[in-house]
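The values are calculated or read from the model by the stated rules, or taken from the named source; none is laboratory data. Note that the structure is a prediction, hence the values are computed from the model and not measured. In this analysis, Cβ positions are derived from the backbone assuming ideal geometry, glycine residues included, and neighbour counts consider all displayed protein chains.
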Amino acid sequence: MPLDTYKEKRNFKVTPEPAGAPQKKKSESPKLQYVIQKHRATSLHYDFRLEHNGVLLSWAVPKGPSLDPSVKRLAMHVEDHPVEYGSFEGIIPQGQYGGGTVMLWDKGEWIPEDSNPTEAYQKGNMTFRLKAEKLNGKWKLIRINKNDKTWLLIKLKDEVAQPQKKYDITVEEPNSVKTSQ
Ligand code: MN
């Protein structure tokens, strides 16, 4: 089952994270959800999530995204999350998996540029556009080695790309899109 790993790692009597609906409801919106959650766990990282086939495909990006096409950000592939996770903000109790603060850093939609997004994901070479509060424009996720969890998140050149030295988005826009704090 798609969310088995997610469920195995968590005790839903303790963590406030969503357990995931037993039967997935078809999304009423044709838009595909994209979110980044800023997660202060053992170490700070940014969880990058794309809705696909009723789950959120997920990558943990230690340094967060960069708007600079010459900057490649390490993105560790992690377990699929339920779509309900996309609106979650809260505190995971210490001692639980991922214990720490989860903040909704960015939210919007993603638009696949690949003609077959499932195949692109399986091949480890995804191209897409983001339409969100912080990230926009064209992006790529590329798996470095086959059968490995190591991917790279890369901004593609377009009108919203910016040199990292000029604009570090994680520094300039640190707050939640839900609470502005
Ligand atoms: Mn995380």
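For Lys13, indicate whether it is out of contact with any strand residue (DSSP E or B) (no Cβ under 7 Å at 6 or more places or on another chain), more than 24 Å from Asn175 (Cα to Cα) and more than 11 Å from the ligand (Cβ to nearest atom). For Lys13, the condition - out of contact with any strand residue (DSSP E or B) (no Cβ under 7 Å at 6 or more places or on another chain), more than 24 Å from Asn175 (Cα to Cα) and more than 11 Å from the ligand (Cβ to nearest atom) - is met. Just give me the residues in segment 89-106 being within 14 Å of the ligand (Cβ to nearest atom) and either closer than 13 Å to Tyr34 by Cα or part of a strand (DSSP E or B) (or both), in sequence order. Hits for segment 89-106 are Gly90, Ile91, Ile92, Gly100, Thr101, Val102, Met103, Leu104, Trp105. Among the conditions (1) within 16 Å of the ligand (Cβ to nearest atom); (2) within 23 Å of Pro2 (Cβ to Cβ); (3) in a strand (DSSP E or B), Trp110 misses just one, which is (1). Being away from the ligand (no atom under 13 Å from the Cβ), within 21 Å of Ala132 (Cβ to Cβ) and at pLDDT 95 or above holds for only one residue in Pro18, Pro30, Pro62, Pro82, and it is Pro82. If only residues of segment 41-56 that are surrounded by 15 or more Cβ atoms within 10 Å (Cβ to Cβ) and out of contact with any helix residue (DSSP H, G or I) (no Cβ under 7 Å at 6 or more places or on another chain) are counted, the one that is nearest to Thr101 (Cα to Cα) is Ala41. Within segment 135-149, being touching a helix residue (DSSP H, G or I) at 6+ places or on another chain (Cβ under 9 Å) and either in a strand (DSSP E or B) or polar (S, T, N, Q) (or both) holds for Leu141, Arg143.
Considering only residues of segment 113-134 that are outside any strand (DSSP E or B) and free of Cβ contacts under 8 Å to residues at least 24 places away in the same chain, which is surrounded by the most Cβ atoms within 10 Å (Cβ to Cβ)?
Residues of segment 113-134 that are outside any strand (DSSP E or B), as a first pass: 113-124, 133-134.
Checking which are free of Cβ contacts under 8 Å to residues at least 24 places away in the same chain leaves us with 114-116, 119-120, 122-123.
Working: Asp114: 14, Ser115: 7, Asn116: 10, Glu119: 11, Ala120: 17, Gln122: 11, Lys123: 13.
My answer is Ala120.
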